[in-house]
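The structure appears below as structure tokens.
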Amino acid sequence: MHSSSLLTYLNDHLAGSVAAVQLLDHLIETRTDWSDKTFFEHLKVEIQADQETLRRIISVAGSEPLIRKAAAWIMEKFGWLKLELSNTHELGLLESLEALHLGITGKRALWQALAKAKPLLGVDEIDYQRLIARAELQADLVNRRRLDAAAATLR
């Protein structure tokens, strides 16, 4: 992958993770159920850890353009406007969980792609298999909550 393509790819994923953390902050702040808050807080910690790994890879590959961070912030704000205008609070939770699930699935794809390109990146100390497994577990846990939210919202 050309270095500018690599940086674009990495920064797109970083922007997505920034939006995911902001979405999780909102869920932590607005959910009243303690188990929801705990779940989202734990997920946020893991996503931030993955974000730091991604930042390390970006620092080896090049830089982190601020435009991507700004784009993530803007996308997150528009997304929350839509979620806040949803018919019910539970529909917003369902849509949030779907967005998180899609993002985590994309993160797993990122780790898989980077594992395949590992010899080209110059970042050998990263355990991509562990990152892939963690993303798979996160996706499974979020999907279970998503399906519970769908059952409660769409009946």
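If you stretched the chain out fully between HIS42 and LEU102, how much longer would it get, using 0.36 nm times the residue separation minus the C-alpha to C-alpha distance? Walk me through the numbers on the way to the answer.
Numbers: separation 60, 0.36 × 60 = 21.60 nm, distance 1.80 nm.
Extra length available between HIS42 and LEU102 comes to 19.8 nm.
Between the beta carbons of GLU29 and TYR9, assuming R0 = 30 Å, the FRET efficiency works out to 0.45 to the nearest 0.05. Distance between the pseudo-spin-label points of HIS89 and ALA115 (7 Å out from Cα toward the beta carbon): 4.0 nm.
Any read-out appearing in this document is the output of simple, stated calculations on the displayed coordinates, not a laboratory observation. Bear in mind the structure is a predicted one, so any value in this text is a computation, not a measurement. Counting neighbours? That spans all protein chains shown, and the Cβs are built from the backbone with ideal geometry, glycine included.
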